[in-house]
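First, the structure itself, so that you have it in front of you.
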Amino acid sequence: MKEYEFTLKFALPDADANPQTYIDNLMEAGCDDALIGLGTNGRIALDFIREAESAMEAILSAISDVQKAIPKASLIECGPDLVGVSGIASIFKVSRQAIQKMIKNFSDTFPAPIHSGTTQIWHLIKILKWSNLHAQKHVFDETLFEIASASREVNVYKEISELERPAPKNITRVFPKAERILELH
C-alpha cells in the first residue's frame with residue numbers, strides 16, 4: 001500500500017447549494033482522508049491523501065465515495081494533471097523564470113504544451129517524464145508519476161464519456177492507440 005495525494009473537483013447537483021451541507025455525508029461515505037474545499041456554491045474540491053495499491057485504485061475509490069455521499073455530483077477534474085509554468089516551478093522547486101529559461105534552452109526536447117498563448121499548459125506526466133530524461137537533478141517520488149498519469153487518464157476518460165457522438169471509426173489510422181477510445185464508446 002502506498003499513499004497518493006490528489007485532488008477531485010465536482011459540480012454539485014444543485015448549483016445554488018451550499019457545499020457545507022454535504023460535509024457530514026462525505027465523512028460518512030469514507031472521505032475522512034480528504035481536506036474539503038468549499039469556496040464556491042455549486043462546487044466542491046477534495047484534496048485526498050489516500051492509501052491504495054495503485055494511484056488509479058485510490059482515485060476511483062475516492063470518486064466512488066464522493067458519489068455515494070452526493071449521488072448526482074459530477075466530476076469536473078482530477079489532479080494533478082494540467083500545469084502551467086507556475087505549477088511546474090512549484091514542483092521543481094525553482095522560480096518561474098528558471099522554468100521559462102528551461103523551456104527556451106531545451107526547446108527541441110521540452111514537451112509541447114497542450115495549450116499555447118499568454119498562458120501555456122502541459123500535462124504534468126509529460127513534464128515529469130521529460131525531466132527524468134533531460135534534467136536529472138530533479139528527483140520525484142514514484143507516486144507523483146503514478147498519480148499524474150492516473151489523473152490524466154481519468155480526465156481523458158471523463159471527456160470521452162461526454163462526447164456527443166461515437167468516435168470516428170478511422171481515428172485509429174491517425175491515432176493508433178485510439179482503440180481504447182472505440183472500446184469505451
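The values are calculated or read from the model by the stated rules, or taken from the named source; none is laboratory data. Note that the structure is a prediction, hence the values are computed from the model and not measured. Every residue, glycine among them, receives a Cβ derived from its backbone with ideal geometry; neighbour counts consider all protein chains shown. With ligands, DNA and RNA removed, areas are computed over all heavy atoms of the protein, side chains included. Shrake-Rupley method; radii C 1.70, N 1.55, O 1.52, S 1.80 Å.
Modelled label-to-label distance, Asp33 and Glu53, 7 Å Cα→beta-carbon offset: nm?
1.4 nm
What is the magnitude of the charge dipole of the chain about its Cα centre, with +1 placed on the Cβ of each Lys and Arg, -1 on the Cβ of each Asp and Glu, and no other charges, expressed in debye to the nearest 20?
Result for the chain is approximately 1120 debye, rounded to the nearest 20.
Further, regarding this structure: Solvent-accessible area of Met102, probe 1.4 Å, all protein chains present, reported in Å² to the nearest ten, please.
Taking all protein chains as shown, Met102 has close to 20 Å².
Ranked from the most accessible area to the least, with a 1.4 Å probe and all protein chains present, what is the order of Phe106, Phe6? Intermediate results must be reported in sequence, preceding the final value.
On the way: Phe106 75, Phe6 5 Å².
Result of the area sort, largest leading: Phe106, Phe6.
Picking from Pro168, Pro113, Pro13, which is most flexible by a Gaussian network model of the chain using Cα springs under 10 Å?
Pro168
Going by alpha carbons, how many degrees (0 to 90, nearest 10) lie between the helix axis of 124-134 and the longest principal axis of the chain?
That works out to roughly 30 degrees.
Going by alpha carbons, how many degrees (0 to 90, nearest 10) lie between the helix axis of 142-161 and the longest principal axis of the chain?
The two axes meet at around 70 degrees.
Using a 1.4 Å probe and counting only protein heavy atoms, arrange Glu164, Glu77, Glu53 so the residue with the most accessible area comes first.
Result of the area sort, largest leading: Glu164, Glu53, Glu77.
A follow-up question, please. For a quick check, take a GNM of the chain with Cα springs below 10 Å and name the residue from Lys101, Lys169, Lys93 with the largest mean-square fluctuation.
Per the Cα network of the chain with a 10 Å cutoff, Lys169 tops the list.
Just subtract the alpha-carbon distance of Leu163 and Asn41 from 0.36 nm times their residue separation and send over the number in nm, one decimal.
Full extension from Leu163 to Asn41 adds 41.3 nm.
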